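The values are calculated or read from the model by the stated rules, or taken from the named source; none is laboratory data. The model shown is predicted, which means the values in this text are computed figures rather than measured ones. Don't worry about glycine lacking a Cβ; one is built from the backbone with ideal geometry, like all the others, and counts go over all protein chains shown.
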Amino acid sequence: MYQPKAEHKFTFGLWTVGNPGGDPFGYPVRRAISPLEVVEMLGEIGAWGVNFHDNDLVPIDATPAQKAQIISDFKKALADNNVVVPMATTDLFREPIFRDGAFTSNDPKVRAFAIQKTMNAMDLGAEFGAKTYVFWGGREGTETDAGKSALDAGKWFRDALNFLCEYNMEQGYGYRFALEPKPNEPRGDIYLPTVGSALGFIATLDHPEMVGVNPEVAHEQMAGLNFMHAIAQAWDAGKLFHIDLNDQRGGRYDQDFRFGSESIKQAFYIVKFLEDVGYDGSRHFDAHAYRSSDLADVKEFAKGCIKTYLILKEKVAKFNADSEIQALLAQITADDGSMTQYIGGKYSSEKAKALKAHSFNRAEIAAKGQPYEKLDQLVFELLMGVR
């Protein structure tokens, strides 16, 4: 019942299933697997696509001949396993040169190198047909605000994106850029920490129509925010260009747990939102298997991300068809039409005058409760499989 199809657009990054299980306190615990092996694994579990940072695929010091061979081999693996590349991005955080930022470094040589590296990475992504390009500013931030002007950093970030938008247009790549917010880690504070801040920044760009957001579950939850609300705001703004699905315990480091492994109700509402609005982009799992896993368990992790989404998709259909739930929603959202003459639609002086003159019975209105407790319990029962 829960077999993935191409239409679901489930994707993983080379850095996700390929993660060997190292962390800041421990060495890798699994054999590193090649991009070709990653593609083969994803093909076996029925994933639609694979995404990559430039140096996930091509080492930063690869010769032109080595790069050409890697590209050729990867294209063959994609074709053999019926996997596509819908999104690409640039690694602007691992190399020591980026220790104080890339686009927002105080050093103009670093900023220039970051733009050069990104142009080359865009060329690489276009080689495989990617149409979404993600920008995660992992090093774009500070530990001490004494050392960097936040205003200057914002200007440098804007200048870089404006430059890259022009390069995108000149090359005819047709990329849609997606900014990925995160509040902290690996920096003490990262610029553009939330979806809302990213949306505000996009409005200041020369080509705002080309730039949207790539929200990630864990990143918004690290800031104690409601992820579904964030993607709703992005969708309403026409800026939900990509999405990263995983899971997270609040108030922790970026855990990147398997989707749905911690917050079942939150995951349900995320899936419900995406399915109800008809989101047709990639459903990208930016998550990692537990460090205790071997390679066989990594495969189960990836299968689990997909299966959980499909189970919750089925639950969404049951929610939307449940007569008792829908009756409660109708009761909660009931509108007798009496306020239509006052609110909604465009402003007019006549409407304002009539609204000011209307008499409201505050006590009567306030006495009306809403059955949210009952509704929430029904959702719980549905998710637990007893409805």
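Given the criteria assigned to a loop (DSSP other than H, G, I, E, B) and among the hydrophobic types (A, V, I, L, M, F, W, C), does Phe273 qualify?
Working: assigned to a loop (DSSP other than H, G, I, E, B): no; among the hydrophobic types (A, V, I, L, M, F, W, C): yes.
Here the answer is no, as Phe273 does not meet what is asked.
Working only within the range 333-387, note down all residues that are outside any loop (DSSP other than H, G, I, E, B) and either aromatic (Phe, Trp, Tyr) or under 28 Å from Asn320 (Cα atoms) (or both).
Within the range 333-387, the subset outside any loop (DSSP other than H, G, I, E, B) is 349-357, 362-366, 372-383.
Correct list: Tyr372, Glu373, Lys374, Leu375, Asp376, Gln377, Leu378, Val379, Phe380, Glu381, Leu382, Leu383.
Scan the range 43-71 and report the pairs whose first residue is in contact (Cβ under 8 Å) with a residue 60 or more places away in the chain and assigned to a helix (DSSP H, G or I) and whose second residue is crowded, with 21+ Cβ neighbours inside 10 Å and not hydrophobic (A, V, I, L, M, F, W, C), with Cβ atoms within less than 9 Å and a gap of 6+ or a chain change.
Asp54/Thr89; Asp54/Thr90; Asp54/Thr118; Asp54/Gly125
Okay, residues lined up against (1) of a type outside the set (A, V, I, L, M); (2) closer than 16 Å to Gly125 by Cα:
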{"residue": "Leu14", "(1), (2)": "no, yes"}
{"residue": "Pro24", "(1), (2)": "yes, no"}
{"residue": "Lys67", "(1), (2)": "yes, yes"}
{"residue": "Ser72", "(1), (2)": "yes, yes"}
{"residue": "Leu92", "(1), (2)": "no, yes"}
{"residue": "Thr104", "(1), (2)": "yes, no"}
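Can you spot a residue in the range 182-194 that is of a type in the set (S, T, N, Q), modelled with pLDDT of 95 or more, touching a Gly at 6+ places or on another chain (Cβ under 8 Å) and surrounded by 15 or more Cβ atoms within 10 Å (Cβ to Cβ)?
First pass over the range 182-194, keeping only residues of a type in the set (S, T, N, Q): 184, 194.
When the remaining residues are screened for being modelled with pLDDT of 95 or more, the result is 184, 194.
Narrowing further to those that are touching a Gly at 6+ places or on another chain (Cβ under 8 Å): 184.
Still in the running and surrounded by 15 or more Cβ atoms within 10 Å (Cβ to Cβ): 184.
Within the range 182-194 (the criterion being of a type in the set (S, T, N, Q), modelled with pLDDT of 95 or more, touching a Gly at 6+ places or on another chain (Cβ under 8 Å) and surrounded by 15 or more Cβ atoms within 10 Å (Cβ to Cβ)), the answer is yes, since at least one residue qualifies.
From the set of residues in the range 119-137 that are assigned to a helix (DSSP H, G or I) and in contact with a Phe, Trp or Tyr (Cβ under 8 Å, 6 or more places away or on another chain), which is farthest from Ile70 (Cα to Cα)? Break it down stepwise before answering.
To start, the set of residues in the range 119-137 that are assigned to a helix (DSSP H, G or I) comprises 119-127.
Add one more test, that the residue is in contact with a Phe, Trp or Tyr (Cβ under 8 Å, 6 or more places away or on another chain), and what stays is 119, 122, 125-126.
Numbers: Met119: 19, Met122: 16, Gly125: 13, Ala126: 15 Å.
In this case the residue turns out to be Met119.
I'd like to check something: does the range 78-86 contain any residue that is surrounded by fewer than 17 Cβ atoms within 10 Å (Cβ to Cβ), charged (D, E, K, R) and assigned to a loop (DSSP other than H, G, I, E, B)?
So far as the range 78-86 goes, no, none of its residues is surrounded by fewer than 17 Cβ atoms within 10 Å (Cβ to Cβ), charged (D, E, K, R) and assigned to a loop (DSSP other than H, G, I, E, B).
Inspect the range 91-109 for any residue being part of a strand (DSSP E or B) and at positive phi and give the result as yes or no.
Initial filter on the range 91-109 (part of a strand (DSSP E or B)): 99, 101.
With the extra rule that they be at positive phi, the set shrinks to 101.
Among the residues of the range 91-109, at least one is part of a strand (DSSP E or B) and at positive phi, which makes the answer yes.
Going through the range 328-358 one residue at a time, which ones are under 18 Å from Gln370 (Cα atoms) and either surrounded by 11 or more Cβ atoms within 10 Å (Cβ to Cβ) or in contact (Cβ under 8 Å) with a residue 60 or more places away in the chain (or both)?
We begin by selecting, within the range 328-358, every residue under 18 Å from Gln370 (Cα atoms); these are 328-336.
Leu328, Leu329, Gln331, Ile332 - these are the residues of the range 328-358 that are under 18 Å from Gln370 (Cα atoms) and either surrounded by 11 or more Cβ atoms within 10 Å (Cβ to Cβ) or in contact (Cβ under 8 Å) with a residue 60 or more places away in the chain (or both).
What number of residues within the range 102-119 satisfy the criterion of being free of Cβ contacts under 8 Å to residues at least 60 places away in the same chain and either buried (at least 21 other Cβ atoms within 10 Å of the Cβ) or closer than 19 Å to His53 by Cα (or both)?
Taking the range 102-119 and keeping what is free of Cβ contacts under 8 Å to residues at least 60 places away in the same chain, we get 102-103, 105-116, 118-119.
Pick out the ones that are also either buried (at least 21 other Cβ atoms within 10 Å of the Cβ) or closer than 19 Å to His53 by Cα (or both) and you get 102-103, 105, 110-116, 118-119.
Within the range 102-119, residues that are free of Cβ contacts under 8 Å to residues at least 60 places away in the same chain and either buried (at least 21 other Cβ atoms within 10 Å of the Cβ) or closer than 19 Å to His53 by Cα (or both) number 12.
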